[in-house]
Amino acid sequence: MADSLFDLSGKRALVTGGTRGIGMMIARGLLQAGARVVVSSRSAEACAEAQRRLFEFGDVEAIPADLSRQDECRRLADRVAGDAERLDILVNNAGAMWREPLATFPAEAWDTVLDLNLKSPFWLVQALLPALRRAGTADDPARVINIGSIAAVHVADSPNYSYASSKAALHQLTRVLARELGPQHVTVNAVAPGPFPSRMMAATLDAVGDRIAAKAPLRRLGRDDDMAGVAVFLAARAGSYLTGTVIPVDGGIATTASGT
């Protein structure tokens, strides 16, 4: 029973930003559960390296694409759905962060971050919806998993104005799409990660990682299996009755914050 609840054999998945960090954690988990996975990144070199590293876990392909551009989202969608004409799992993980004080926070920091963190997931759902519809059934819907952040659940210490705003908007977009796409046999959920080792978080964790871990009720940072596990749950039969949810995976940091 447990095996069938989390088995993804025969499923096809796309994980954007899947060449490192949280995206690679998720891609690895989906591969180990039996899915065939496409990962994407803006860098062709990163794609080649990720495909090499993930190959031992299953059937993986890597496609370079700059997902801050709508035409590139459409090109990637055509590549992914072109052969099989169906996609079971879309993980919108590609993202950007911009830290700068309020007084000097530039307009570019809004455009860069919102294009990738908010517009890109919307554009990919638009482009891939026919393939998701073809994959989904009433008993086994297709899945969209958006990667948000606990920065949209509580107010972080660092000045990340456009990042936190984009992730809060992505959480709400998740709910809006869930209501619309549920009758079309597509679920839409979000994961709100806390602190996980990644390139985006590297400087922060190097500087104050111990303090962040100490604030968590579970007294540690996130691990690869923590992120892989929640993604597999949402993608598999075990998660087929969830839609419109935002799941914090943060060791309790944001969800138990006292505000003091």
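The values are calculated or read from the model by the stated rules, or taken from the named source; none is laboratory data. Computed from a predicted structure; not experimentally measured. Ideal geometry is used to build each Cβ from the backbone, glycine not excepted, and the neighbour counts take in all protein chains shown.
General observations
- The stretch 1-53: number of residues that are closer than 21 Å to ASN92 by Cβ and in a loop (DSSP other than H, G, I, E, B): 10
- Odd one out for GLU56, checked against (1) assigned to a helix (DSSP H, G or I); (2) of a type in the set (D, E, K, R); (3) surrounded by 15 or more Cβ atoms within 10 Å (Cβ to Cβ): (3)
- Residue count for the stretch 90-110, restricted to those that are surrounded by 15 or more Cβ atoms within 10 Å (Cβ to Cβ) and among the small types (Gly, Ala, Ser): 4.
- Residue tally, condition closer than 20 Å to GLN70 by Cα and buried (at least 16 other Cβ atoms within 10 Å of the Cβ), over the stretch 111-141: 19
- Filter pass, SER258 being closer than 30 Å to ASP7 by Cβ and at pLDDT below 80: no
- Pair list, Cβ under 8 Å, 6 or more apart: the stretch 136-162 residue touching a residue at least 24 places away in the same chain (Cβ under 8 Å) and farther than 17 Å from LEU30 by Cα, other residue in a helix (DSSP H, G or I) and β-branched (Val, Ile, Thr): GLY148/THR174; SER158/THR204; SER162/THR112; SER162/VAL113
- Pairs are defined by a Cβ separation below 9 Å, a sequence spacing of at least 6 or placement on different chains, a first member in the stretch 110-124 that is within 13 Å of SER162 (Cα to Cα), and a second member that is basic (Lys, Arg); the pairs so defined are ASP115/ARG69; ASN117/LYS167; LEU118/LYS167.
- Taking helices (runs of 4 or more DSSP H) as the structural unit, those lying wholly within the stretch 88-181 and holding at least 2 residues that are basic (Lys, Arg) correspond to 120-135, 161-181.
- Residues (of a type in the set (Gly, Ala, Ser) and crowded, with 23+ Cβ neighbours inside 10 Å) located in the stretch 142-162: ALA142, GLY148, SER149, ALA152, SER162
- The number of residues in the stretch 208-245 that are small (Gly, Ala, Ser), touching a helix residue (DSSP H, G or I) at 6+ places or on another chain (Cβ under 8 Å) and within 21 Å of ALA178 (Cβ to Cβ) comes to 6.
- LEU177 being surrounded by fewer than 24 Cβ atoms within 10 Å (Cβ to Cβ) and within 15 Å of the chain's Cα centre (by Cα): no
- Going through (1) closer than 26 Å to VAL113 by Cβ; (2) free of Cβ contacts under 8 Å to residues at least 24 places away in the same chain one by one, PHE55 falls short only on (1).
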